[in-house]
1. Look at G290 and say whether it is open to solvent by 10 Å² or more (accessible area, probe 1.4 Å), touching a Pro at 6+ places or on another chain (Cβ under 7 Å) and not hydroxyl-bearing (S, T, Y).
2. Filter the stretch 1-17 down to the residues that are modelled with pLDDT of 95 or more, hydrophobic (A, V, I, L, M, F, W, C) and either open to solvent by 10 Å² or more (accessible area, probe 1.4 Å) or out of contact with any Phe, Trp or Tyr (no Cβ under 8 Å at 6 or more places or on another chain) (or both) and list them by number.
3. Quick check on the stretch 129-151. Is at least one of its residues open to solvent by 40 Å² or more (accessible area, probe 1.4 Å), touching a residue at least 60 places away in the same chain (Cβ under 8 Å), touching a Leu at 6+ places or on another chain (Cβ under 8 Å) and not polar (S, T, N, Q)?
4. Among the candidates R91, R87, R104, R83, which residue alone is surrounded by fewer than 17 Cβ atoms within 10 Å (Cβ to Cβ), within 22 Å of R143 (Cβ to Cβ) and among the charged types (D, E, K, R)?
5. Please specify each residue of the stretch 53-77 satisfying the condition of being open to solvent by 50 Å² or more (accessible area, probe 1.4 Å) and charged (D, E, K, R).
6. Which of the residues belonging to the stretch 307-329 are among the small types (G, A, S), at pLDDT below 95 and surrounded by fewer than 16 Cβ atoms within 10 Å (Cβ to Cβ)?
7. What single numbered condition from (1) under 17 Å from K194 (Cα atoms); (2) out of contact with any Ser or Thr (no Cβ under 6 Å at 6 or more places or on another chain); (3) open to solvent by 10 Å² or more (accessible area, probe 1.4 Å) fails to hold for E223?
8. Could you run through the stretch 226-245 and say how many residues are within 15 Å of the chain's Cα centre (by Cα) and either basic (K, R) or crowded, with 21+ Cβ neighbours inside 10 Å (or both)?
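The values are calculated or read from the model by the stated rules, or taken from the named source; none is laboratory data. In this text, all values refer to a predicted model and were calculated from it rather than measured experimentally. Cβ atoms come from the backbone with ideal geometry, glycine included; neighbour counts cover every protein chain shown. Heavy atoms of the whole protein, side chains included, go into the accessibility calculation; ligands, DNA and RNA do not. Shrake-Rupley method; radii C 1.70, N 1.55, O 1.52, S 1.80 Å.
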Amino acid sequence: MTLAEKLAARPPARVLVIQTAFLGDTVFTSALFNALASRFPGAAIDVCVAPRGRDVALAFPGVSHVHVYDKRDADAGVGGLRRIAARLATRQYPLAVLPHRSMRTALLARLAGITERIGFAGGPASLLYTSRISSAGTTFLEREADLALALGASPARMRLVPRPEWLLSARAALAEAAGKRIAAICLGSEWATKIWPARHVADLARRLAAAGLQPVLLGGPRERELGREVAAAAQSVDTTGNSIGEALAILSLSALAVGGDTGLVHAARALGIPTVAVFGPTPSDVHAFGARERAVSLGLSCSPCSVHGSTRCPLGHHRCLDDLDAAQVALACREVLA
């Protein structure tokens, strides 16, 4: 009996999806979550994420409960791992789905006493799974679709829905800009080499304003200085430092989203917003872009040079983003808005 047949014969009452990687990874996992929700309509489907992924997981349509595993701070170390596992064990999950290839996540599911643990084949973490799924997919969504298929689910699209309280907060933060055609510009990144220079961002903001759009800057607390620099050089509404939930709501109210290869940019795609993603050190072909989405890059011979990004350019010049001017990105913006 296959895993899909086994689950069809005895559908789980609860399912746990564990995705404790970066913000963007949590966005991609919304597709897997949506597939599982359709496959097991009677089940409570919970998600366990890192702190930054909490609001994204709360935007999964129909999510039952969101657990936060702060693996780098409050829940660091073996003690934190056991504490979170004990909390998960109280929910008595019969099935855990693990799209994150991590030994720590595999241990978490095992320590929580979850009977069926499904993840990708290969790597040390797979030794702790009860079912190992092979995938030849080249994009994030193709790989997670293979997990869904193994569980008898049809692959789904990424989809996020902002919460009503986030929308109220977003409209208050936008003030008069809430009634305008917003161009959400996502600043910053977890990795320094993925950050598009401020002078190019300011130039793009001016071009978008000239096209009748209201530039709105989005980013976390670390992007406040960059936000002030860009806002001073271009007429923009600066909302940097707001919560992820409020940022998701602002994106949902936007006519356009543009930024680097970051979680918020991919969240805009999951919200159905026309999106332009700027790529430098990371590959664009690991994403499947839709008709109103564009990936912009210079296509240098040295790029891509990293899967996630890095703290500095290995060649010391960072030309992949330093030389990518606003005119090329503005052209892509016009295309997705056409």
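1. Values: open to solvent by 10 Å² or more (accessible area, probe 1.4 Å): yes; touching a Pro at 6+ places or on another chain (Cβ under 7 Å): no; not hydroxyl-bearing (S, T, Y): yes.
The answer is no for G290.
2. Across the stretch 1-17, the qualifying residue is only A13.
3. No, that holds for no residue.
4. R104
5. Correct list: R54, R72, D73.
6. So in the stretch 307-329, the residues among the small types (G, A, S) come out as 309-310, 316, 326-327.
Then keep just the ones that are at pLDDT below 95; that gives 309-310, 316.
Correct list: S310, G316.
7. Unmet for E223, out of (1) under 17 Å from K194 (Cα atoms); (2) out of contact with any Ser or Thr (no Cβ under 6 Å at 6 or more places or on another chain); (3) open to solvent by 10 Å² or more (accessible area, probe 1.4 Å): (2).
8. To start, the set of residues in the stretch 226-245 that are within 15 Å of the chain's Cα centre (by Cα) comprises 243-245.
Retained after the next criterion (residues that are either basic (K, R) or crowded, with 21+ Cβ neighbours inside 10 Å (or both)): 244.
Total satisfying the criteria: 1.
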